[in-house]
Each structure stands twice: as C-alpha cells, then as structure tokens.
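K.L.:
Encoded as structure tokens, here's the structure I'll be asking about.
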Amino acid sequence: MSLDEARRDIDRVDAEIVRLLDERGRIGRRIGRLKRELDLPLHQPGREADVIARRIAQSDGSFPPESLAAVYRIIMAETLALQTKPVAGAPCSGPAAAGKQDVAAVVRENAQVAPGYYRMRLQAPALAGLFRPGQFFQITAGAADSAGPFLRRPFAPGEFFVDGISFYYAVVGVGTRRLADLGAGSTVRVLAPLGNAFTQLESGTAVLIGGGCGVPSLAPLAHALKARGVRVVVIAGARTANAVLDHNLFKHSADRVIIATDDGSAGCPGTTVDAFRLEHTGFGAVDRLYALGPVPMLRSVAALAEETGTDCEVSLEERMACGFGACMGCAVLVNNGDGETAYRRVFHDGPVFNAKTIAWNG
C-alpha cells in the first residue's frame, strides 16, 4: 500500500466516524423528544457504570494503565508514520494540516506568574516556525521518562523563540500539577502542530478577546495581524487583578490593551464583553472578533458578534486525550447549515471555528 493510498483510507475512516457521530446525534435527539413526550428522565446515570462494569468483567477485572499507554504509543507511532511536513504557505484556516511531529523538549523555565498560573519555556529547535496562530500542541504531563499520566495535555503557545516556545497554564488537576513540579533541565515530549488556525484579516480592525490562559495564547495572532497592518485591540479578562496574565506580550503588537476583571480590582469591572461595551466607541468599527478562553466567555462573545453583526472566530477549549482524532473525546455540536446539528472533532476540524457554526445551547 502506498502512502497516498493509506492517507485515503484514513480519510475514508474519518469520514465514516463523523457520519456515525452525526447519526448517533440524530438518534439521540429523537430519543430525547420521545422521552419528553412520555415524561421519562432524559439521563440514565447508571448506564455508564453498567458499561464500565461489563468491560471490567470481560478483561478479568482490570485495565492495566501500562496496556492503555501501549495502545496510545502504537496509535501515535502509526499516525506519525503517515505524516509529511506541511507545505510552506498553507492556508491558515480549514481542517488540521498534516505534519505532526513528536519531539523532545527541554524545560528551560517553569515559574509561577500568578496564583495558580505558571509559564513554561521549552527549548526545542524543531518547534521553531512550526505553528500558525491558533494551533496548539500536546505535552507529556511530567518528565518523559516518568510514570506520570500517560495522556498528554493540550496547550497553545504564547511566545515563539528561535529555539522553542513558551506557554502559560493553570494548575487544575493531576496533569498540570505534575507539569508545575518540573524543574529546569527536565525533558518532556511535545506533539505538534495540532489543529487548524485563525483566519487572518488583511486590513481593518481586529479585537482579540481572551480569558485566563487564553490571553497570552492570543499573542502570536496579535503579532501576525500587526505585521499585516491590521489595527489590533486586545481585551484581557481575569477574575481579579492578581490573576491578570502577562499583557506585556502585546506591547509591540496591540494598538490598545484593555483589562477586565470580574471583581473590578483592575481595569474595567465585569467581563470581557462588558469591557467591549464600555470601550468600543474608542476603537470604532470592528471587522472581526477573535476569542480564546473558557466556554462561558466564548458563548458571550458569540452572542455579542451575533448582536453586532460582526464576523467572529473562536478557539474552543476541549479535552483532547489522544491528539489523533481517534478517541472522539473532543467532539462538539455544530450547526451543519440545513437546520440540523452534527458533531465535529475539535482536534481535527478546530480548535478554531466560526462562532456561528457552534451549537452553543446544544
């Protein structure tokens, strides 16, 4: 079998998986309607437990973590074997491009920058020039040779250097706690680049809205837009003043940076959308909104875009366990254009979507 034939086979399988997810969604909606008509409970909390119990019984009582890790490594090795380097100048939007690389990276810096937030700088020359604004990567949660969680965690770069990248992350679970424990000199594995990218304006005014770790992850987009001559306004949101992450990343790329805090301790009081409403007269007509952050914020930005008739792209934050589109853990409900909804994989079809396509209330 040739490489092209193998790729076509994978594409056919991917299309069938998406079709089955769509069909499952349609059946699920029909079941939901019938349950409502019959006044039956919509959810069956015991079903997942029953499935797990059956699977454990079939596997003699256990799922050894090393077995799961072995399966993951096989999937990764076979998928990477079918990749080629991306074509230079490939379009920024659209489905994820080929060219994933699994590289070793050395931790050069890993410091707390705000309560619960860290900045990690990785040295890996292979990562230089690999990303387009909006793409992300997955990193091992712990040293490469440790017995840490075998599923990688997804993040987006905040800075690019000639020998690597840096990124910001919040400590929220076991994996990110393991990351926070890594010292300078530790080695991790990085799978990149993943996902599609933002569609970049050629002119006009762009407003970039970020929340939490989404703020520094918008910095590469701000730099790219500024280089094109686009006027860039950044609205950076946080819960409180000491949780505002490094907005100095936009020092040379943003015409204006607006801070918004939920408690009003810094900048505009309220959400990023509140700040937009308070300050938008100061930057005039907006040609496109870009947003990256928690889903409630993205939902509010999408509603703002709909209200104002402004084009809007959002980068979704979803759990992406495998990084290959095999596990379907990152499926999101979208509007398919004919009044129906369908599932799409954030890893493959995103993470960047036009805000109008997301079924926010689905």
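K.L.:
Under a Cβ-Cβ cut-off of 9 Å, what is the net charge of the residues other than VAL113 that fall near it, where Lys and Arg count +1 and Asp and Glu count -1?
P.N.:
Here the charged neighbours net out to 0.
K.L.:
In terms of the Cα gyration tensor, with a ≥ b ≥ c the square roots of its eigenvalues, is the range 190-263 rounded because a/c is under 1.5, prolate because a/b exceeds b/c, or oblate? Don't skip to the end; give the middle numbers.
P.N.:
Details: a/c = 2.17, a/b = 1.25, b/c = 1.73.
Judged from the Cα gyration tensor, the range 190-263 comes out oblate (a/c at least 1.5, b/c at or above a/b).
K.L.:
OK, next. In what sequence, largest accessible area first, do MET120, MET297, MET1 appear using a 1.4 Å probe?
P.N.:
The residues order as MET1, MET297, MET120, largest area first.
K.L.:
Follow-up question, since we're still on this one. Give me the net charge for the shell around ALA254: Cβ to Cβ below 12 angstrom, other residues only, Lys and Arg +1, Asp and Glu -1.
P.N.:
Neighbourhood net charge equals +3.
K.L.:
Count the net charge of all other residues whose Cβ sits under 12 Å from the Cβ of ILE358, scoring Lys and Arg as +1 and Asp and Glu as -1.
P.N.:
Within the 12 Å Cβ shell, the charges total -1.
K.L.:
How large is ³J(HN,Hα), in whole Hz, for each residue of the range 352-360 in order, when computed from phi with the Karplus curve 6.51 cos²θ - 1.76 cosθ + 1.60 and θ = phi - 60°, using x for Gly and Pro?
P.N.:
Result, rounded to whole Hz: 8, 10, 5, 4, 5, 7, 7, 7, 4.
K.L.:
Could you report the accessible area of CYS268 in Å², rounded to 10, computed with a 1.4 Å probe on the protein chains as they sit in the structure?
P.N.:
10
K.L.:
Next question. Sort SER217, SER203, SER2 by heavy-atom solvent-accessible area, probe 1.4 angstrom, most to least.
P.N.:
SER203, SER2, SER217
K.L.:
Okay, next question. Provide the percentage of antiparallel DSSP beta bridges, counting only those with both residues in the range 232-362; round to the nearest 5.
P.N.:
Of those bridges, close to 40 percent are antiparallel.
K.L.:
Per-residue HN-Hα couplings for the range 218-229, Karplus 6.51 cos²θ - 1.76 cosθ + 1.60 at θ = phi - 60°, whole Hz, x for Gly and Pro?
P.N.:
Per residue, the Karplus-derived 3J(HN,Hα) values read 8, 4, x, 5, 4, 4, 5, 5, 4, 5, 8, x Hz.
The values are calculated or read from the model by the stated rules, or taken from the named source; none is laboratory data. Not measured: the values here are computed from a predicted model. FYI the Cβ positions are ideal-geometry reconstructions off the backbone, even for glycines, and counts take in every protein chain you see. Accessible surface areas use protein heavy atoms only, side chains included; no ligands, DNA or RNA. Shrake-Rupley method; radii C 1.70, N 1.55, O 1.52, S 1.80 Å.
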